[in-house]
Amino acid sequence: MTSALIIALLTFGLSVYSVAFVPIGGGASTHVSITGTALLQEVTETCRSMAEAAGHEFEPTGSSPEELVQACLGPSAPGQVSGEKFHSALQQIYTQNGLVDRDFINSAPHHFNSEAFLEGRRLITEGVVAIKANIRSENFQAARETLGRVLHTLQDFYSHSNWVELGYTEPYINLIRPDLPLENLADVDTATCRDCASGTCPNPILPNILKEKKLTSGYMGIFSAAKPKGKCSHGGEGDLTATTVPRGGINKDERRSDSAALHTAAVKAATEASLQLLQDIRFTAGDKDFLRMMGIARSSVVCFVIDTTGSMSDDIDEARAVVYEIIDSKKGTQDEPSEYILVPFNDPKFGPLIKTTDAETMKREISKLTAAGGDDEPEMCLSGLQLALTGAPDSSHIYVFTDATAKDIHLKDAIVALIRTTKSTVSFFMTGGARRRRRSLTRGSFEDYKDLALASGGQAIQVSKNQLPQATDIILDTSTSALVTVLQRARNPGMQETFPFVLDESLRNITIYITGTSITFTLTNPAGVSQSHNEASGKLGTIQTVGNLRRISLNADREMGAWHININSNNPYTLKITGQSTITFIYDFVESFQGPHPGYAVLSGRPQAGQPATLMLSVMGRKGPSSLSIGAVGLVTMSGPETVSNGTTTDMGTGDILVTVDAVPEGEFVVSMKGTDKMSNSLFQRQSTTQMSVSRVNIQAVVDSSAEPGKAFQLPFSIRTQGPGGQYSIAAKNDRGIKMTYPTSLTLTTGLYANATLTLTPPASMPSGTDVTLTLEAKSASGVDSNYAVLRISVITKVTDFVPPQCDVVSVLADDCPKDVSQCGPFQWEFLANLTDSNGTGIEAVTLQQGSGNLTYTSLSAPFVQANYTASCCSQVVEFTAVDKVGNVGKCYHSIAYSAGPPALTLSLPLWLCLLVSAIIARS
């Protein structure tokens, strides 16, 4: 990929959520741009490597995420591809990167301030261990969140220390190699800076520090001006130590006239260091899982939550048939699921969660399901659903099959919190009779399932068991890539109403769903042609009626423009219109934060009542955000009477839009966006599916480290209300069944935070890389107001082995290779090396990274692994990696490009040298 295309790709991915590495004086280098440059370059290289291994060219047709993902997944697979999950993955990393400036503003190690070098490296080391363990356990969101924080700390080293002032142009590899020492650190009694009264001296580092190559960093004081005698300050707004002699500062966050060259050098080194870290993670994870972490996979994830009690035999058979049809009909297309998830539930047991990327494995697992047990009617449905919501990726489609109500109805609030946090869509297929609808304080009803479906933007389909095969067509509709929602509304009680909506030229496979009873409707296109509910096959589409569901599939030759549907019923009903399109958006509710590096932080929980709501939207078009013109963005009530609160939009650049809504609607609402597709000059509309509402309660909690098996993990949290003070109940739940201690109530005073601590102790036997999802809820005594926070805690076994496997080259046999490369065809060369992990955990995998030859190796369980590589003399470079069982990466690299003929000398290539050689080659 050309450097121009990489720069173009940056335009879709870099939202200004935080402005550390501040772009002042015409510069544009922030933590986000540095992170984005490194991520996109490594993703591009990974995609190219995958394409070469698959035997096709990696040739993106443009710079949009859709085009990059399409080229990465393979140009031969038919179907539309959405860049939404890729974009969402980038935003999760950027957001966590930016939050370091809010959540750890006064922590020296997180920013390498105040000469906290050993502590800062420990944060990086522990973070990388957690990332690798999370990827191994397929907890990709936890890996992304930790990656964002680790990259921020790593990047700050180059901006906040004197590394570039010392003349170093390459990254400090020892920061990500804890087996190597941090040397020549200035001690606390060593003066490091001269006084700078103006505060803008080009380089205030003392000459002896520069000559002796002593490493130092600026002291930072948010609340105090104190610092050790003679030490440098960080400098800039918010640093109180900058006024203490020696005055000034050495940070290179900004491109100022007095430090432009140093800022540029710091940015360059931080970018290269980020690439080194990403490459280390990629080589540990492997190309496929690295791309999965980055959200680059076929978009759909099929997740089934299935009741396996005695009466469910027919339902299980139908779920099995649907899975088989999805696997068989979508194989080889972009609609082929990237992952399959299965969660059975019974009573009292539920789970385990079964997750696989292999279709045949999913077939085998679902074929094992049998119906048995569960003599009393209510079952553990919500426990199974909770497991699915925490185990499936965000924005998943989850399908629940049951004929019974929920015994674990106490989980309902936690389920709603997980739905809102993950933005996943949950649809229920209910085959129970009316006798199962009775409400109870301890047992749910089918109405609870309908509430959850509506909250998520899913469907609650109630049919008899013999009708179920016709109802499951909705699963085939929605288990697809590039799925978007055009419109969704609910009415309770029912009424006659006309719903207008716009269909644009990009939409394909448009389907309208209406759920409810005793419903009549008329659908009308822009030309005035109509079709009523009793025309099963009409001029506009085909209508299928089963149970309480009407499914209308529009004809492929439908007109674009303004449509409307008139619905009449006295009973509750829902309306949903979907299609396939790469025109879409993602969003988060955000709040601004101040300090030395201000920015926007994603809200955990519901937005605050009594004040404007602020959203950050990222829009995606067929050729990136530049191919769209955005019109109205606002919040719309889902259930009537309909209220629309349009927001004030601010274009943040690169497809990101800051939206401020002054008057937030009462009740549940969704996000609506309208605009124009420039490619077809057609109007479009899109809507989020997850319902949201405001709250006067706010919960603050930050996970700043991993938990260790068998050891208590403490999570401080704070709760505040802007409503009436008094007693608020506290509830906490986690998806691993780990026992927790916390106060079950707090007394709140209006406007003031109350502090508390939750303690969680993972079992000593819990595998490293386990991801614990914790839902924390606070509710007023009246139950009128509540809010929640959803947090992820990684359980990581302490790692002491940081030495990578070593590569010793035994021989290179390249005598037969001609010096004239054009004559290379008939000849081969051979490379032989010994790999060892000495006293480490042992080599787990050996992978060819460069070269088109054949790599073989002896048993990985042996103390020494002999690797043999043979290739045509036309393929003159070999590089392969050896990864040990805790994720340390060692490399073997050799080139015969300039040494064809005599064998190379035996040598050992440590990781730092391999990375340096690779970086030089990549830039050449």
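The values are calculated or read from the model by the stated rules, or taken from the named source; none is laboratory data. This structure is a prediction, so every number in the text was calculated from the model and none was measured. All Cβ positions, even for glycine, are placed from backbone atoms using ideal geometry, and neighbour counts span all protein chains on display. Just the protein is used for accessible areas: all its heavy atoms, side chains included, with ligands, DNA and RNA removed. Shrake-Rupley method; radii C 1.70, N 1.55, O 1.52, S 1.80 Å.
Based on alpha-carbon positions alone, could you give the equivalent ellipsoid semi-axes of region 752-879 from the gyration tensor, as √(5λ), descending, whole Å? Write down the numbers at each step before the final one.
Numbers: eigenvalues 626, 79, 22 Å².
Rounded to whole Å, the semi-axes are 56, 20, 10.
Just the ratio, please: alpha-carbon radius of gyration of region 546-635 over 2.2 N^0.38 Å, N its number of residues. Intermediate results must be reported in sequence, preceding the final value.
Values: Rg = 19.3 Å, N = 90, 2.2 N^0.38 = 12.2 Å.
Taking the Cα Rg and dividing by 2.2 N^0.38 Å, one obtains 1.59.
Just the number: Rg to Rh for region 573-680, Cα atoms, Kirkwood Rh, two decimals. Kindly include the intermediate steps, with their values, before the conclusion.
On the way: Rg = 15.0 Å, Rh = 15.2 Å.
When Rh is taken as the Kirkwood radius, the ratio is 0.99.
Over all distinct alpha-carbon pairs, what is the Kirkwood Rh of region 449-510 in angstrom? Walk me through the numbers on the way to the answer.
Values: mean 1/r = 0.0699 Å⁻¹.
It is 14.3 Å.
For all pairs of alpha-carbon atoms in region 57-183, what percent lies in each bin of width 5 Å, listed from the first bin to the last filled one?
Percent of pairs per bin, in order: 2, 10, 15, 17, 15, 14, 11, 8, 6, 2, 1, 0.
Quick one: of the DSSP bridges fully inside region 269-409, what percent are antiparallel, nearest 5? Could you put the intermediate results ahead of the total?
Values: 4 of 17 bridges.
Of those bridges, close to 25 percent are antiparallel.
Just order 685-695, 662-672 by mean Cβ neighbour count inside 10 Å, highest at the front, would you? Kindly include the intermediate steps, with their values, before the conclusion.
Working: 685-695: 21.2, 662-672: 17.5.
Most protected by this proxy first, the peptides run 685-695, 662-672.
Please state, rounded to one decimal and in Å, the Kirkwood hydrodynamic radius that region 30-129 gives when every pair of distinct Cα atoms enters the mean of 1/r. Mind dumping the intermediate values first?
On the way: mean 1/r = 0.0627 Å⁻¹.
After inverting the mean inverse Cα-Cα distance, the result is 15.9 Å.
Going highest first, how would you order 52-65, 317-330 by mean Cβ packing within 10 Å?
Top of the packing list down: 317-330, 52-65.
Let me have the relative contact order for the chain, percent, based on Cα pairs under 8 Å that are six or more residues apart.
Numbers: 2219 pairs, mean separation 87.3, N = 924.
Computed over the chain, the figure is 9 percent.
Please give the helix 3-13 orientation as an angle from the longest Cα principal axis of the chain, in degrees from 0 to 90, rounded to the nearest 10.
With rounding to tens, the tilt is 40 degrees.
Could you tell me the convex hull volume per residue, in Å³, taken over the Cα atoms of region 661-780? Let's see the in-between values first.
Details: hull volume 21.1 nm³, N = 120.
Hull volume normalised by residue count: 176 Å³.
Give me the net charge of Val188's neighbourhood, meaning all other residues with Cβ under 13 Å from the Cβ of Val188; Lys, Arg count +1, Asp, Glu -1.
Values: positive: Lys214, Lys227, Lys229, Lys231; negative: Glu115, Asp187, Asp189.
Here the count lands on +1.
Quick one: Cα convex hull volume of region 119-164, Å³ per residue?
Considering the Cα atoms of region 119-164, their hull volume per residue is 58 Å³.
Translational diffusion coefficient of region 291-437 at 25 °C, 0.890 mPa s, Stokes-Einstein with Kirkwood Rh over Cα pairs, in µm²/s as a whole number. If you can, show how the numbers build up before the last one.
On the way: Rh = 15.6 Å.
Rounded to a whole number, D works out at 158 µm²/s.
How large is the direction-averaged shadow of the alpha-carbon convex hull of region 44-84, in nm²? The partial results should precede the final answer.
Working: hull surface 11.0 nm².
Taking a quarter of the hull surface, the average projection is 2.7 nm².
Which one, Phe58, Met638, Thr773, is farthest towards the positive end of the dipole of the chain when Lys and Arg carry +1 and Asp and Glu -1 on their Cβ?
Met638
Could you rank the peptides 408-420, 605-617 by their average count of other C-beta atoms within 10 Å per residue, with the highest value first?
Going from most to least packed, we get 408-420, 605-617.
Evaluate the Debye formula for region 408-518 with equal point scatterers sitting on the alpha carbons, no solvent, and hand back log10 of I(q)/I(0) at q = 0.11, 0.13, 0.19 Å⁻¹, in q order, two decimals.
Treating every Cα as an identical point scatterer, log10 I(q)/I(0) equals -0.44, -0.61, -1.25.
Between region 710-744 and region 800-856, what is the separation of their alpha carbon centroids in Å?
53 Å
For region 493-558 and region 393-416, write down the distance between their C-alpha centroids in whole Å.
28 Å
Cα atoms only, region 237-350: Rg and Dmax in Å?
27.0, 80
Please give the solvent-accessible surface of Cys817 in Å², to the nearest 10, using a probe radius of 1.4 Å with every protein chain present.
We get 10 Å² for Cys817.
Rounded to the nearest 500, what is the 222 nm mean residue ellipticity of the chain from helices alone, with -39500 (n - 2.57) per DSSP H run of 4+ residues and division by all residues? Write out the running numbers ahead of the final one.
Details: 18 runs with 230 residues, N = 924.
Taken over the chain, the calculation gives -8000 deg cm²/dmol.
Just to confirm the number: angle between the C-alpha axis of helix 31-54 and the first principal axis of the chain, 0 to 90 degrees, nearest 10?
Taking Cα atoms only, the helix is inclined about 80 degrees.
Would you compute the Debye intensity of the chain from its alpha-carbon atoms alone, equal scatterers and no solvent, and pass along log10 I(q)/I(0) at q = 0.05 Å⁻¹ to two decimals?
-0.31
Above 20 Å lies some portion of the pair distances; for region 666-728, what is it as a whole percent of all C-alpha pairs? Write out the running numbers ahead of the final one.
Working: 1241 of 1953 pairs.
Every Cα pair in region 666-728 considered, those over 20 Å come to 64 percent.
Return the Cα extents of region 154-269 along principal axes one, two and three, sorted largest first, each rounded to a whole Å.
37, 31, 28
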